[in-house]
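The values are calculated or read from the model by the stated rules, or taken from the named source; none is laboratory data. Just so you know, these numbers come straight off a predicted model, no measurement behind them. All Cβ positions, glycine included, derive from the backbone under ideal geometry; neighbour counts span all protein chains shown. Remember, those area values only see protein heavy atoms, side chains included, never the ligands or the DNA or RNA. Shrake-Rupley method; radii C 1.70, N 1.55, O 1.52, S 1.80 Å.
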Amino acid sequence: MNRYIVEFKKDKEQESALLTPVIPGKIIKVDFVPLQREIYLPVYYNISLIEGTTRKRIGKLGAWIAENYPLEDYHLRTISQNKTTLLSFKDKKRAILKSPSNNYEIITINKNDLGKRRRERLEKNGFFKGYDIKRNIVIGNYYLFRRKKKIRGLLELEPEFAHTDFLSLVVLDKLLDVLKNKKTKSIESLEGVEDIEEGKYSNFILSHYPVNRVKEAIEYIDQQGEWETFCELADKGKPILLNGPTGCGKSTMIKWYAHINNIPFYMAPTGNRETSMDDIIGSWVPADPKPIKAPGALSLAMVHNGIFYFEEIGPVDPGVLYGLHGVLDDKKLTIQSQYGFEVIEGADNFKMISSGNLDSRYTPIELSDAFLERWAQIKLIYPDKEGTIDILMSRAAGLDEKMATLITELIFDFRNILASYKKDMGLRGAVEVCQASLASKQSLRKLIEVYMLNPKSTYESDQTLYKKLMERVNKRIKG
Ligand SMILES: Nc1ncnc2c1ncn2[C@@H]1O[C@H](COP(=O)(O)OP(=O)(O)OP(=O)(O)O)[C@@H](O)[C@H]1O
Ligand SMILES: [Mg+2]
């Protein structure tokens, strides 16, 4: 077991937690900034690496915890050295910690379940609380000890696990103490601060930002009746979450709907770990005489009475997704702009549609039930062989059925192999091979390599995956 001592320090201005390996090494420090009684969530804390006398900032930790928050909505996220972990809560005794490569179950230790000797040994040192870290089996623990009012922690981990993945667990009890007595500043309390302007910002958007329509679109070919379900829900204005693997037609479906119904269409930047509310609602840009708020896709969709499409919500920060709750509930959004605060409201055609591949293999974050329950969810899967052939023939006009069948067989071959590498294969590459085969001088083998094989095997350090896939190509294409 690797062991790390956790100390909580307080100097004049701020408190911090220090994580020190028992075998001398680099020390990690999390700073706790002093907070007001009322806070905006998330609250961010800096993470630094201390080596001798030098100190380098290596990330941050964001906490979504406050007095008026339900436990299920508690999240702690750390982003350090380009790795993100997320701790979310199931109930008072259990939490899930997701790192990019692992899921851990964090369970509060029940003292009575401990063996007599272990309990006595721990209690002698002032043990009062602890967690088991499980990944199928217990791979580590975090114990808290109190001696003469001073609290210290001990993190123990099997050697192959990174202690930096557990920073959020290490500071959890500290944060609960600090944050649970804080009230979140809600939008309502903001409204009281400044008068709400009537319609000025909406008018600004209407007169400065033209309506965006989908003039050309690819026809969506229904597979199993999902198109009808989608249209029914979308017509009613119900928020829809399309859940399906990459390249299964999610974007195609939405754009086709916007196109044939001639509804204005606005797409948020593709969701990622850094997506912020500003990316969706709007951000300040310098202007003369004072900065203006450039509206984001959500504000545009609400004001122009159209569709807001948010692609890839899987990796998006829960804090950002909470920000959407108000809009999801009553189609209202309070915006601060150059005109002050204003409530904008979506009209009849305003629709929120999001998509993602919400599979625990691909999504490092557990979306909260509160978020998920606000959407109707349509699960999409890849079309069967017949459906795939139909799609390929419709996307590459003039393609003969033999070729469509060959490429379809290859997609299915490839998926079989890719499954053990936890990879999917959508239709995008296959569509491109089909289209190119009609016009390109390159051999079919080359086209398949460029559009379908290489994108999947690029990150494999050895050539095995590439070779396995190529074997299938050679089997299907003779000569
Ligand atoms: N049912 C379908 N009807 C028409 N085209 C389809 C269908 N399913 C897949 N396609 C084709 O597959 C390709 C990928 O589709 P699309 O971009 O809609 O996938 P996606 O699910 O949005 O993928 P991602 O999650 O990667 O964004 C496109 O060329 C699209 O034309
Ligand atoms: Mg898409």
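Solvent-accessible area per residue for the range 91-156 at a 1.4 Å probe radius, Å²? It amounts to 64 Å² per residue over the range 91-156. Stretching the chain fully between Asn262 and Lys129 yields a gain of 41.9 nm (0.36 nm per residue, less the alpha carbon separation). Spin-label model, Arg476 to Thr464: label points 7 Å out along the Cα-to-beta-carbon direction sit 2.3 nm apart. Extension gain for Ala347-Ser443 works out to 29.3 nm (0.36 nm per residue, less the C-alpha to C-alpha distance). Annotation: lysines with alpha-carbon distance below 23 angstrom to Lys83 (same-chain offsets under eight excluded): Lys26, Lys29, Lys56, Lys60, Lys98, Lys134, Lys174, Lys422, Lys423, Lys456. Of all beta bridges that DSSP places with both ends in the range 2-184, some 95 percent have antiparallel geometry.
For His208, the solvent-accessible surface computed with a 1.4 Å probe is close to 120 Å², ligands and nucleic acids excluded. Accessible surface ranking for Leu469, Leu206, 1.4 angstrom probe, highest first: Leu206, Leu469.
Directionally averaged projected area (the range 385-476, Cα convex hull): 5.5 nm².
Approximating the spin labels as points 7 Å out from Cα along Cα→Cβ, the Asn110-to-Val33 distance works out to 4.1 nm.
For the residues Trp256, Trp284, Trp64, a 1.4 Å probe over the protein chains yields an accessible-area ranking, largest first, of Trp284, Trp256, Trp64.
Measuring only protein heavy atoms, the 1.4 Å probe finds Asp177 accessible over about 110 Å².
Given R0 = 25 Å, the distance between the Cβ atoms of Arg213 and Lys236 translates into a calculated FRET efficiency of 0.70.
Size descriptors for the chain: radius of gyration and Dmax over Cα atoms are 26.4, 81 Å. Express the relative contact order of the chain as a whole percentage, based on alpha carbon pairs under 8 Å and six or more residues apart in sequence. Over the chain, the number comes to 11 percent. Candidates Leu18, Tyr451, Ser276 compared by Cα position along the dipole of the chain: farthest toward the positive end lies Leu18, with charges placed on Cβ. When only Cα pairs under 8 Å and 6 or more residues apart are kept, what is the percent relative contact order across the range 385-476? Relative contact order here is 28 percent. Considering only protein heavy atoms and a 1.4 Å probe, what is the carbon-and-sulfur percentage of the accessible area of the chain? Result for the chain: 48 percent of the exposed heavy-atom area is carbon or sulfur. Evaluated with a Cβ-only charge set (Lys, Arg +1; Asp, Glu -1), the range 2-184 carries a dipole of roughly 640 debye about its Cα centre, given to the nearest 20. Here the spin labels are modelled as points 7 Å beyond Cα on the Cα-Cβ line, and at Asp329 and Val138 they lie 4.1 nm apart.
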